[in-house]
Amino acid sequence: MTLEEAYGFGKRTLEEHKIADASIDAWILLEYITKISRAMYYANPKREMTGEQKTQYKYFVEERAKRIPLQHLTKEQEFMGLSFEVNEHVLIPRQDTEVLVETVLEDLEENMRVLDICTGSGCILISLLKIMRGVKGVGVDISEEALEVARRNAQKHDMEAVFIQSDLFENVEGTYDVIVSNPPYIKTEEIEKLEEEVKLHDPMLALDGKEDGLYFYRKIIKESRKYLKRNGKLYFEIGNTQGEEVKTLMEEEGFTNVKIKKDLAGLDRVVCGV
């Protein structure tokens, strides 16, 4: 089987199984298995694959056709220009979340302390530390399996972040200039309507925001005051219909200058306040 034949097989198979972006996924898997670049491919599309490469590529394409997330096959996802390890224990970093990181960076200064609640893969905290050097960071998550992934990601990017197993603030100590969180925010009844890649393969702990999707916002907002320094700031990623509700929850707990920020699609994505 040549590279060209393999790519054709991958694209057709994924299209037949109604996989969105079938051609892109087929290419990414080919690149992942063979380690070729597009330039190398077009220079010699008739190049024969090894037997092992053919077997691996066929297997990966068939797994993707079963709606296994692409990132669970390649074990990585790019976020803020960095590569992060992901698996079934962490939420796959999404481009929308980059708006949260960019919003925090607008206010972040050297020597500040950052607390990342529901850290998952650690992508938010590690990105902040990587971009704004001199910042100290702690990430907490209820899942020890998620924290193991976060620690490996910190080591991969040579970042000295501290990761602690904690149910929200349960094991948190000290105060912080910034608290940031992308908590579970999907209503329980809405989870069944999500695409299979998400509802079957992302950890339920990272998705389920309880009955109205606001459960974790309420808890974090209420408890965060004890852990914020004077003029410290709280930042959330939100579902695109939750902006006004989360803004109101923050204002009711005494937060001021509460703002809603939109993503590139023009949808509410971040709420923050002092």
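For the reader, a short list of remarks on this structure follows.
- Note on K58: lysines with a C-alpha under 18 Å away, same-chain residues under 8 apart excluded, are K11, K18, K35, K46, K66, K75.
- Label point at M204 placed 7 Å out along Cα→Cβ; residues across the range 85-101 whose backbone nitrogen lies under 11 Å: none
- Rounded FRET efficiency, nearest 0.05, which uses the C-beta distance separating N171 from S83 and R0 of 35 Å: 0.75
- Equivalent-ellipsoid semi-axes of the range 187-274, from the Cα gyration tensor, Å, largest first: 26, 15, 11
- Among L3, F79, L249 the positive-end extreme of the charge dipole of the chain (Cβ point charges): L3
- Descending semi-axes in whole angstrom, ellipsoid equivalent of the chain, from the Cα gyration tensor: 38, 20, 16
- For the range 1-124, dividing the convex hull volume of the Cα atoms by the residue count gives 129 Å³ per residue.
- The simple Förster model, with R0 at 41 Å and r as the Cβ-Cβ distance, assigns M1 and E190 a FRET efficiency of 0.45.
- For the range 135-274, a simple Cβ point-charge model (Lys and Arg +1, Asp and Glu -1, everything else neutral) yields a dipole of about 840 debye relative to the Cα centre.
- In the chain, the DSSP beta bridges split such that about 40 percent are antiparallel, to the nearest 5.
- For the chain, averaging the sequence separation of C-alpha pairs within contact (under 8 Å, six or more residues apart) and dividing by the residue count gives a relative contact order of 14 percent.
- Rounded FRET efficiency, nearest 0.05, which uses the C-beta distance separating A43 from K66 and R0 of 45 Å: 0.85
- Sum of -39500 (n - 2.57) over DSSP H runs of 4+, divided by residues of the chain (222 nm, nearest 500): -12000 deg cm²/dmol
- Two numbers describe the Cα atoms of the range 33-103: Rg and Dmax, which are 15.6, 48 Å.
- Size-normalised alpha-carbon gyration radius of the range 143-235, reference 2.2 N^0.38 Å: 1.23
Since every read-out is calculated from the coordinates, none of them should be taken as a lab result. The structure presented is a predicted model; accordingly, all values stated were derived computationally and were not measured. In this analysis, Cβ positions are derived from the backbone assuming ideal geometry, glycine residues included, and neighbour counts consider all displayed protein chains.
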